[in-house]
Structure formats: structure tokens, C-alpha cells
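Visitor: Here it is, the structure in full.
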């Protein structure tokens, strides 16, 4: 008998047919009777006082039903930092001043979008422009314009991580290397822009359909800013068209549509345009990184010092977590006996920077892995060997931070080394770059201050054996609905098609903190597994009574067959047992709950994924153009739940992370994003995708459901670094500034040629 | 968001010219809309009347005559050009150009006439038609006139088309003997607009060694596609050599007048002009030489 019936089998997304046939109702598709359409007026200034807002002309326009400004709100400074109020600094509808181009200042509800848009032009805002600052290294200087009164030198958050005796260790080092790196910004580019339909009724209840990564967060955050009780608000998010970190904070569509709906007692729909999406929905954090590493002649790592200045933009957003995680993952996935990290998040008059797939780790991995190749080159050590020598391993403790329970990094290195060897001699101007990485399986952080378990699940087994599974996790395209169905089916002993999923609705689903930080498989997965195990226990009680086996025998259910573990041929139909069981329970269906909250698992995460990626690229020496050829990834995500899902996550991650590496950027002029559209903002498409291969390295993670760990965000971490190293291998020049554009490569080649001539 | 407009559809050239005449105070002609709709969505263009000539079937044709050459009607889609066996046989460079022009969806909707009239200096057909010594036929209610492509483009998104005029067809004379025409653009994303593009037509003398005529066109390097006339002069009468190609590249870089934008600096664009000129001239030269043998 195979170990698993469902786990590790390729299963198509359970909501795939609904999506491809157009039945899936996204927020964009929600249209209610008497619904109005809202639009948001945004600041044209990067920094300005709001002296007055005159809405009278807009209100007088036929078809306009309401105009609201910050004065019509409670003026709550909100944020996910509900335990750390000083970090809640964003009002969404600015009252006194604006701090970035695109900051909302007013919102209109009208009978249609055209009228609402026309009304925006009639709102007169009197601004007093203030001097502004756009670069973190400028903003931190004495005398720079200040964004927020309480933030001296515009320093928003600092983070310090340290272990070992760093200064002493540097003295022991045979070789010390220092480098500066610059990591660019990136837009999430979700296919579905931020949108919401808010419907407030006079009975005092608010329902909000929205595109989000966490309906629970949005419900609570709305209650904070609207003055309603949490449970007078219902948030519905059946389908979310992409999130990538951009959709777990409260956004302007959700807030403005709610404020307007409460004023009018009518449904109000707001869908952000692609331009608004680029300008004002947060983005990946640009970072200036200083790295100093000390190693022994043989490549043994001794000490690392990292300092980072991040471009915060106008508000904290989730940037404080990105600042911590970039510092933590800067040491990954290696054993550094001593390490010191200082991070400074600096306010600037630019669109706020926040969470994005990888959450600070792709930046860290790019810098770290580029530097390791430079160190290996200097010391004449093989780049795989230097990584293997210093690789993290199972049961390693990151001092004061985390314990690594499972780690397949060495095996990943072996697999990638084999692939490189098999690839043989490369054509001219080709290079293979590698990068090793790790990531968390859900955060332990509770800045949100939830009193609930981090994840919960409820199962009801009905008389025909069909299972209702209620989960709070949010599928945003990553496939968590399928993952949860598979975990439930495996544990309960049924098939995936036996499960009817209930998700995306705070009125019906138990609390889960949402889809961020790669937490669903491990956390929601554990809760589902616990609920399924409890339901199974209830069913097996009745089976035991019926079968009256020897008391030493265990019963189990596999593929709808209730049987003796030791003698699988002896058993009963699952359907028959369930029917009897319900009869025996006074006609009550079998109901079970499960939950998960990490305990005693360090500061960061209960479990860590690991991997090594090799990127083969060619570089045209005439133009500097990079072409991706191959991308091979050995990934340790513990027990693979759904191989199809893993492949999908990997391909999506490569498209996003390679884009970050050499194409995507958000250039600005005086705080204004210059490419807020999909003509000028380039993303990788299928034609630019290299051949991708995933080599599963299976470990068993004791904390994960069936031994599983994350397989979503971590895959975004290595690619920019591996690509940089491929360019290094192909051309002999190392680019320390993202994105690695043809022009930068060409300039670097020229510099090198000049140096060589001298 | 696209502002409201009045949609008017023409089925014949006459209808189109009448509609334009009736609404000349505020109109825009649409013929596929692959470029126009983007501008309208961004609010950069907000016409009161949108006159759709895509259904004007009398302008949907590709015809070839040994003496006159190729005629492509303005409403012919990119995809039709791309898949035409006739074009493949007589003007293979056009098929190559179309295959790399935007996405299939865009090529299915976008038209030759619409593309040219949009006047984007980074457009693909313009430089190729110029290298092929093409001409355009233009009509208004009052008159019909024919101009060379060299005269057609004026500035960023501006052509010689006057109020009331529409483009009827493109005419490409037969390719002379011992001539090859090639085109390439540099971009990061396949099928994206070129950061720089170069079309080159090289005609060799009977000896198959020296250059009899050259037409070199650079796209995206100035407010409109430009003929690199000094570069052409430098090539005519010469035999190919590494040195000549180098000189041609350098000369063309000087002739180009690119500006910096978020996609490339001025310096990098000039460099790309040099790289592409060398590559295209050599390629056209070799293909022309192969015809002599």
C-alpha cells in the first residue's frame, strides 16, 4: 500500500473549471441593485498641506450622490500594527497633508463611472506645496524635509539583529570583502486590480466584497476605521485575482467605498484603474545594502555585517516586517558564527513600499549570493563547495532567532551540481549562475493582535459521506483551496471530489490570518488536518462498534474504505459507516474543529524551506542583452502536497523574480512614477520564459501537515541573484544594481575593457 | 477611463470621407484601434466622434503587379500581411517584420493604415516601407494625392495627413534585382516595440561586389523614422569590409537623433544604432550577393 492516496498526486485546481468557464465571481463581477460607482481623487503633489477642499461643484453635478473627504471619516491612523500603535500612520483619506503622489484626498459616488470621474475634476483642493525628499539616503540627512513629526531624520523603523562576537571574528578572517548593492522596486501587477463593493444597510451592518489576501484582516481593519463592531462587518472574497503581498492591508477601494456606502445606505463599487494600481497601491521595497563578510582561506564563513537603508515611501505599511525579514534572511541559508544587522527604514515622499512576494528576502538573497560568488572567485574556491561548506542543516539553531528542524540544502546543492555537470561545456557568452535560499512557512508575528488561533478549520460530514470544509485561508491563485481539499481528503480517507469547500466569507468561515508569508500550507493545513483527524475519530468510533475488532487493532479510512490497519481487506464502506454514525448521533452530522497557532518556534517561523537555483543565460556582448535559457530549481519544501501546484508556483515565481532581476523597475521623477501602465512597465511573458525544471528534494518537516513546508514565496528569492551570477559567469563582470539591464551590462563591460587596457 | 464618444461606422471610402467632412470639428478615425484605444484610455485623446473605417472592404486587399509592385489597402490587417503567400514570395521582409510586431491579438485587429497614421516613431512598418521606397495614397473629399513614405512622417505621432484626409493604400515598387531588404529591432521583451530599429536595403552592382544603391532607415531614434542618408552615401560604390561596416555604424550613430527615456539613455540608443546598422547592412549585403551567384 502506498503511503498516501491523495498527497503527492497531481491534482488540478479545485476551482479551475469555475475560473476558466467564467463562472467564478470576482469582486469586479459583483453588481448589486441600485449600486453606485465610486472614484478617488488623488494628490498630484508629493508633499503638500491641504488648506481647503471645496466639493460643492462636484456635489451639484447631476448624478453625483455623495462626495467625501478625510473630514467625513473618523480620521483613524490605521495599519496592521494593532499592537504597535505608533506604527499605524496612514489615514487613507488624508485630512491635513499629503505625503506622496497618488494619496487619496476625496472620493465620489455617482450613478456611473463617467459621472464620478467628471465629478473628480470639479473638486477643488487648495494645496500648499512643501519641499519633498525622494531618496532614503537624502531623507535621512540632517535638515531634510520631514514627513512625520515624530520621525526624526525621517527614520520610521530600525531593526537590529546580532549574534556572536562580530568584531573579534573579523579579526580572525583571512579575507574580508565589502560591497554596496542597490535593489530596485517592483510592482505586484495583479491581474485583478484592487476593488471593493461596499453595501451598508440602515440596520447597521456592512457587507464588503473585495479582492484580498485576508478577509479577516480587512474585516477587523474596517471596524477600526469605521467605528463598527467587528461582527457587524462581513467581508466576502470568494475569488482573488492575484495578491503577491499587495492585498492584505486595508486599501483605498475598500475604505472609500465603505465610507460612501455608510453615508448613502446604498452599495458603492470602486475598482482601481491600472494607473492607480501602479501609483498608489504599495510596491516592493527598494534597498541600499552594505555587506561586509569575513571568511577563512578555505572558505569557512566567520562574520557578516549588513546594513540596509530602505526607501519607505510615505507610510509604514508592512515595511517594518520587510525590514526585519531582509535582515534575518540576509544570513540565510548559511551558518554564520557571528552576524550583525542594522536596518533603517526611511520615510520618503514616494508611494509607500510594503510586502511583496519574498517580503525582503529576494533583496537579501540577491546581495548575499552575488557577494558569495565574488568571494569564491577571489579565493579560488568552487562556488558550490563554498556554499556546501557553510550550508545550514537540520537541527541548526540560528542564535536567538530560530531552530531549523528540517533542511535539505546540501542535497539541493548536490542535485544542482549534477545538473551543471550534465550540461557540460556551454556555448560562448553563456553562463550558469546559482543562488541558494531559504524562506519561512508562515510568520509567528502577531502585530495584528488577534486573540484567535492563527488558523482554524471546521468540518461537517453529511449523511451521504460528502464533506463540508470551512476554511479561513484565502486562495488568490496560489492554489490553497486545492491544497486544503487534498489535506482534508487524505486525513479523512476520502477523495478530493467528496469535499465541498466553503471559503472567502467571514460570516461562514472560521478565522485564518490570510495568505501572506507563505503560511497557508503549514498553518491552515495543520488546522484542516486536525479537524479531519477529529472527524475521522468520530466515524471510527462507530466503525469499531460495528466491526468489533480485537482491541489491539487500529482502524483507519483510506479512499472511502474503513478498515483494519493491519488487515486492509477487512472493512466497511465509508459511506455506510457515516450513515450509521449519524443515525447513532441522534441525527446530527459529524462536526469537528481544528486549529493551529505556533508555539515555542522562535521569533520568525515554525519551519523553513530551502533550495538552490541555477539560471543559465546568454549575454550578447554587442548590446548587453540577456536571454534566459534554463532555470533549474532543487527545492526542499518538505513533503510535496500537489506536484502540479508546486510546478505552477515555481513557474510563476521565476517569471516574477527574473522580471525583478533584469526588466522590472519603477523609475520616478520627483516622486512621480514614470511608467504607470503596462505599455511602459515590462513584465516577463511566456515568450521570455526559460525552460524550467523543478527537482523535488523531499524532507520531513515535523511541524508541517504530512511533513510539508512552504512552496510559494521562497521560490521568488533566488532568481535575481542567480541571474546576476550567470551574467558574472558569462561576462566576468558583476552587476550590483537591480535591475540588471543591457545598458548596465554594456557599461560594466566597457569599464572592464578600459581597466584591462590600462 | 475612456470618455464617451459618438461611434460612426463607414462601409465605403465615400461614406468615410462624408462622415469626416460632417464631423470635422472634432473627430478621430479608428481602424483597428490598437494604438488609439490606449491613448483614449489614458485620457490623452478624447474625440467627440470616432469614425470607424475598419469595415471599408474596398481598402482590404493585397495586390501585386510585376511593373507596379505591391499594393496594400489601408484596412488590411497585420495578420493578413503576415500570412499572405504573395507577400512571402515577393517581399519576405514584410512577413518577418509582421511576425515580430506585437501580439497575435494585436495583429489580428491592427491595420497597416492605422499603424502608419498613428505616426509612432517606434512603429515597425514605417522604416521597412521607407527602405522599400514605398509611397502612400491619401484622399480627402476634395482631392487625392500620392506621397513617398519619406515625406509621410513629420514628428512624434504626427504625419502629413491633413484634416479630412484618410490613407487609402501603401505602394511598394518591385524590389530591384541584386537587392535585399532586411529589418530588425532591438527590444527586451520579444515582439515589444523597438528601442531602436533598423531597416536596410542594399543593391549590388553587376559585379556582385560593390554597392550600387542603399536605403537605410532608423526607427525610434528621432521624432520620426529617419533615412540615414550620409550612411547610404558612405556605402554606395564601396565593397564590403569590416572597416566599412564600422564606419557605417559610426556614421549612422551620428545621424540618429535619439532621446533618453525610461527604456534607454541617448548614448545607449546611439550605440544600438551602430550595432544594428552593422548587422543589417552585412546581412542585406550577403543576401544580395547570394542573388548574383
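Only the coordinates and a few stated rules stand behind these numbers; no lab work does. Because the structure is a prediction, the values reported are computed rather than measured. Using ideal geometry, Cβ is built from the backbone for each residue, glycine included, and neighbour counts are taken over all protein chains shown.
Visitor: Which one, B:167, B:149, B:19, has the greatest fluctuation when you compute a Gaussian network model over chain B with C-alpha springs under 10 angstrom?
Guide: B:19
Visitor: Convex hull over the alpha-carbon atoms of the range A:657-758: what's its volume per residue in Å³?
Guide: Working: hull volume 19.3 nm³, N = 102.
Hull volume over Cα atoms, normalised by residue count, gives 190 Å³.
Visitor: Continuing with the same structure: Using 18 Å as the cut-off for backbone N distance, which residues of the range B:1-33 belong to the label zone defined by a point 7 Å from the Cα of residue B:151 along Cα→Cβ?
Guide: none
Visitor: How long is chain B along each principal axis, judged by its Cα atoms, biggest number first, in Å?
Guide: Sorted from largest, the Cα extents of chain B read 58, 45, 33 Å.
Visitor: Give the angle, between 0 and 90 degrees and rounded to the nearest 10, that separates the Cα long axis of helix B:13-22 from the longest principal axis of the Cα atoms of chain B.
Guide: Value to nearest ten degrees: 60.
Visitor: Next question. Taking the Cα atoms of the range B:61-172, what is the range of coordinates along each of the three principal axes, in descending order and whole Å?
Guide: Its Cα atoms span 36, 32, 23 Å along the three principal axes.
Visitor: For the pair residue B:3 and residue B:48, how long in nm is the line joining their label points, each one 7 Å along Cα→Cβ?
Guide: It is 1.1 nm.
Visitor: As a test of understanding, state the convex hull volume per residue of the range A:452-595 from its alpha carbons, in Å³.
Guide: About 111 Å³ per residue, rounded to a whole number.
Visitor: Along the Cα→Cβ direction, 7 angstrom out, place labels at residue A:452 and residue A:230. What is the inter-label distance in nm?
Guide: 0.7 nm
Visitor: How many percent of DSSP beta bridges within the protein assembly as shown run antiparallel, rounded to 5?
Guide: Values: 145 of 182 bridges.
Antiparallel bridges make up about 80 percent of those DSSP assigns within the protein assembly as shown.
Visitor: Helix B:242-255: angle to the longest alpha-carbon principal axis of chain B, degrees 0 to 90, nearest 10?
Guide: 30 degrees
Visitor: Let me ask something else about it. Within 10 Å of each Cβ in peptide B:179-192, how many partner chain Cβ atoms are there on average? Round it to a whole number, please. Before the final figure, lay out each step's value.
Guide: Details: counts 0, 0, 0, 0, 0, 0, 0, 5, 2, 11, 8, 5, 2, 5.
If you average over the peptide's residues, the count of other-chain Cβ atoms is 3.
Visitor: For residue B:230, project a label point 7 Å along Cα to C-beta. Then give me every residue of the range B:99-140 with its amide nitrogen under 19 Å of that point.
Guide: none
Visitor: Using the alpha carbons of the range B:179-292, what is the convex hull volume per residue in cubic angstrom, as a whole number? Walk me through the numbers before you get to the answer.
Guide: Working: hull volume 9.9 nm³, N = 114.
Residue-normalised Cα hull volume stands at 87 Å³.
Visitor: When averaged across all projection directions, what area in nm² does the alpha-carbon convex hull of the range B:6-52 cover? Don't skip to the answer; put the middle values down first.
Guide: Numbers: hull surface 12.4 nm².
Result: 3.1 nm².
Visitor: Taking every alpha carbon pair in the protein assembly as shown, what does the distance histogram look like in 10 angstrom bins from 0, in percent?
Guide: The percentages, shortest bin first, are 2, 10, 17, 20, 20, 16, 10, 4, 1, 0, 0.
Visitor: Per the helix-only calculation at 222 nm, which mean residue ellipticity applies to chain B, given -39500 (n - 2.57) for every DSSP H run of n ≥ 4 and division by its residues, nearest 500 deg cm²/dmol? All intermediate terms of the calculation are to be shown ahead of the outcome.
Guide: Details: 12 runs with 108 residues, N = 293.
Calculated mean residue ellipticity at 222 nm is -10500 deg cm²/dmol.
Visitor: Calculate the spin-label point distance for residue B:283 paired with residue A:74, positioning each point 7 Å from the Cα along the beta-carbon direction, and give it in nanometres.
Guide: Here the modelled spin labels are 6.4 nm apart.
Visitor: Something else about it: Provide the FRET efficiency to the nearest 0.05 for the residue B:68-residue A:19 pair, computing r from the beta carbons and using R0 = 51 Å.
Guide: Working: r = 53 Å, r/R0 = 1.03.
Efficiency at R0 = 51 Å is approximately 0.45.
Visitor: Answer rounded, prolate or oblate for the range B:112-209, using the Cα gyration tensor with square roots of eigenvalues a ≥ b ≥ c: rounded when a/c is under 1.5, else prolate when a/b is larger than b/c, else oblate.
Guide: Working: a/c = 2.94, a/b = 1.31, b/c = 2.25.
Taking the square roots of the gyration eigenvalues as a ≥ b ≥ c, the range B:112-209 is oblate.
Visitor: Report, please, the projected area of the range A:399-495 averaged over directions, based on the convex hull of its C-alpha atoms, in nm².
Guide: Working: hull surface 48.8 nm².
Mean orientational projected area (the range A:399-495, Cα hull): 12.2 nm².
Visitor: Ok, one more. When DSSP assigns beta bridges and you keep just the ones with both residues in the range B:6-52, what percent turn out antiparallel, to the nearest 5?
Guide: Details: 0 of 8 bridges.
Counting only bridges with both partners in the range B:6-52, antiparallel ones make up about 0 percent.
Visitor: Would you mind calculating the gained length between residue B:88 and residue B:108 on full extension (0.36 nm times residue separation, minus the Cα-Cα distance), in nm to one decimal? List each step's numbers first, then the result.
Guide: Values: separation 20, 0.36 × 20 = 7.20 nm, distance 1.77 nm.
Full extension of this stretch gives 5.4 nm more.
Visitor: So, one more: Taking 0.36 nm per residue of sequence separation and subtracting the Cα-Cα distance, how much length would be gained by fully extending the chain between residue A:180 and residue A:500, in nm to one decimal?
Guide: On the way: separation 320, 0.36 × 320 = 115.20 nm, distance 5.23 nm.
Stretched out fully, the residue A:180 to residue A:500 stretch lengthens by 110.0 nm.
Visitor: Between residue A:137 and residue A:49, what FRET efficiency comes out of the Förster formula 1/(1 + (r/R0)^6) with R0 = 25 Å and r the beta carbon distance, rounded to 0.05? Mind dumping the intermediate values first?
Guide: On the way: r = 26 Å, r/R0 = 1.03.
It comes to 0.45.
Visitor: Is there a simple number for the mean count of other chain Cβ atoms within 10 Å of the Cβ of residues in B:271-283, and what is it?
Guide: Values: counts 7, 7, 0, 1, 4, 2, 0, 1, 2, 0, 0, 0, 0.
The per-residue average across the peptide is 2.
Visitor: When chain B is modelled as a GNM with alpha-carbon springs shorter than 10 Å, which of B:193, B:142, B:63 fluctuates the most?
Guide: Comparing B:193, B:142, B:63 in a Gaussian network model of chain B, the most mobile one is B:142.
Visitor: Another one. Using r as the Cβ-Cβ distance of residue A:155 and residue A:677, and R0 as 22 Å, what FRET efficiency do you calculate, to the nearest 0.05? Please report the intermediate quantities before stating the final value.
Guide: Working: r = 33 Å, r/R0 = 1.52.
Rounded to the nearest 0.05, the efficiency is 0.10.
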